[in-house]
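Asks: Before anything else, here's the structure in question.
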Amino acid sequence: MLSVPEIANIKKIKSIAVLTSGGDAPGMNAAIRAVVRYGLAAGIQIHGIVKGYSGLLEGHIEPLDGTSVANIIQRGGTILKTDRCEAFFQKSTRREAANILRRNNIGGLVVIGGDGSFTGAHLLENETGFPTIGVPGTIDNDIAGTDDTIGFDTAINTALNAIDNIRDTASSHDRIFLVEVMGRSSGFIGLQVAIGGGAETVIVPERKETIPAICKTIDKGMKRGKSSSIIVVSEGKKAGLTTSLAKELERHGYSSRVCILGHTQRGGSPSAHDRMLASVLGASAVAYLLAGKSNAMVGVREASVVMVPFKKVIGNKKDLPAPSLRLASILSS
Ligand code: ADP
């Protein structure tokens, strides 16, 4: 079972602040709860910053006690709200943010979010010396340095439920369905959902797939007596990818239906896995800050909690595992 690393508390921090930033993900609340309750148990005060970096700049900072995070572990979204803050791209703004934190006697900042939010935290610490630590919260699981991110498991379970439902209709009507899942630049959701949902094929941003190759896969299935097909498509960067794919298939004589799962994958009650992951990573973030470690992300590597310097995380690409891509194709044939 994943556990919080046992590290000595050497830093004399009296108060830590926590914020959520970027896209929301199921399990963020469980992470906030862990930061608050682990911090309080360690004898420090915890402050919640409402609406990410925007709220920080507006001084929207509130003390959180144990009961303020009661009854949230099972809720999707984030009680602290989240935001995208253009102003934080400016150095002068980040300096002001550090001043606000120091004026509030806060000695460390936990940022729950993705690559962009970590970039903001990294720059804040580099430029002002204010200690920051990141907790990976994104459904895409596309953050380098960690095998897992908070929200990914819930998102794939949500997508799988939808695919199971779609398959009932696909097989009743002998239809081809293109199911679009989230993943603008990474196919982790698509790949895992394709394996778990028994999809005939998966289109991911990391791998070029031609229309004739997709047609061949559909034909192969038909020859073996399959009358319906599910094709999982990661949304990619270009809007309308799945719809244009359906049009292309139509031109090749294959009629299909498109189902875009969209934001349904972002919300919902976090899975058991995400609640556990968020609880351990939220608590570990506080443990590391109290041990005097910062400018880094807490993550998971081979079922253990690790701390990875932001400079090894930010902007780095996490590759889709080639064996899993092969497995998806073997199991669908
Ligand atoms: P995510 O954290 O999910 O990747 P975004 O990329 O939208 O989400 O980033 C969230 C916020 O983090 C941005 O709105 C901005 O406030 C901050 N941020 C992102 N990139 C940078 C950057 N290069 N410099 C400073 N702040 C950044």
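Asks: Taking amide H atoms as placed 1.01 Å from N in the peptide plane, list the residues 5 or more away in sequence, or in a different chain, whose amide H sits under 5 Å from that of SER229.
Replies: ARG175, ILE176, PHE177
Asks: Let me ask something else about it. For region 266-333, state which trypsin sites (Lys or Arg not before Pro) are in a DSSP loop and have at most 15 other beta carbons lying within 10 Å of their beta carbon. Provide the component values of the computation, followed by the final result.
Replies: Details: sites: ARG266, ARG275, LYS293, ARG301, LYS311, LYS312, LYS317, LYS318, ARG326; in loops: ARG266, LYS293, LYS317, LYS318.
Of the trypsin sites (Lys or Arg not before Pro), the ones in loops of region 266-333 whose Cβ has at most 15 other Cβ atoms within 10 Å are LYS317.
Asks: Here is a follow-up. Net charge within 14 Å of ALA97 by Cβ-Cβ distance, Lys/Arg positive one each and Asp/Glu negative one each, not counting ALA97 itself?
Replies: Details: positive: LYS51, LYS91, ARG94, ARG95, ARG102, ARG103; negative: GLU58, ASP83, GLU86, GLU96, GLU125, GLU127.
Overall, the nearby charge balance is 0.
Asks: Could I ask something else about it? Does region 153-266 come out rounded, prolate or oblate by the C-alpha gyration tensor, with a ≥ b ≥ c the root eigenvalues, rounded set by a/c under 1.5 and, if not, prolate when a/b is larger than b/c and oblate if not?
Replies: Working: a/c = 1.66, a/b = 1.24, b/c = 1.35.
Cα axes put region 153-266 in the oblate bin.
Asks: With label points built 7 Å along Cα→Cβ from the Cα atoms of GLU209 and ILE260, find their separation and express it in nm.
Replies: Inter-label distance under the simple model: 1.8 nm.
Asks: Quick one: order ARG84, ARG175 from most to least accessible surface, probe 1.4 Å.
Replies: Values: ARG84 170, ARG175 65 Å².
Per-residue accessible area, sorted high to low, gives ARG84, ARG175.
Asks: Considering the options SER256, HIS173, ILE189, tell which one lies farthest towards the positive end of the dipole of region 153-266, charges being +1 on Lys and Arg and -1 on Asp and Glu at the Cβ, about the Cα centre.
Replies: SER256
Asks: For the pairs LYS14/LYS312; LYS208/LYS312; LYS51/LYS293; LYS51/LYS91; LYS220/LYS247; LYS81/LYS318, flag any whose C-alpha to C-alpha distance is greater than 23 Å. Could the numbers behind the result be given before it?
Replies: Numbers: LYS14/LYS312 29 Å; LYS208/LYS312 27 Å; LYS51/LYS293 25 Å; LYS51/LYS91 20 Å; LYS220/LYS247 21 Å; LYS81/LYS318 27 Å.
From the list (LYS14/LYS312; LYS208/LYS312; LYS51/LYS293; LYS51/LYS91; LYS220/LYS247; LYS81/LYS318), the Cα-Cα distance tops 23 Å for LYS14/LYS312; LYS208/LYS312; LYS51/LYS293; LYS81/LYS318.
Asks: Give, rounded to the nearest 20 debye, the magnitude of the charge dipole that region 265-333 has about its Cα centre when Lys and Arg contribute +1 at Cβ and Asp and Glu contribute -1 at Cβ. Present the calculation step by step, with values, prior to reporting the outcome.
Replies: Details: 9 positive and 3 negative charges, 43 e Å.
So the dipole magnitude of region 265-333 works out to roughly 200 debye.
Asks: Suppose accessible area is computed on protein heavy atoms with a 1.4 Å probe; arrange HIS173, HIS122 from highest to lowest. Intermediate results must be reported in sequence, preceding the final value.
Replies: On the way: HIS173 105, HIS122 35 Å².
The ranking, largest first, comes out as HIS173, HIS122.
Asks: Can you give the charge dipole size of the chain about its Cα centre, rounded to the nearest 20 debye, using +1 on the beta carbon of Lys and Arg and -1 on the beta carbon of Asp and Glu?
Replies: Numbers: 38 positive and 30 negative charges, 82 e Å.
My answer is approximately 400 debye.
The values are calculated or read from the model by the stated rules, or taken from the named source; none is laboratory data. As the structure is a prediction and not an experimental result, all values here were calculated from the model. When we count neighbours, we look across all protein chains shown, and the Cβ atoms used for this are built from the backbone with ideal geometry, even at glycine. Heavy atoms of the whole protein, side chains included, go into the accessibility calculation; ligands, DNA and RNA do not. Shrake-Rupley method; radii C 1.70, N 1.55, O 1.52, S 1.80 Å.
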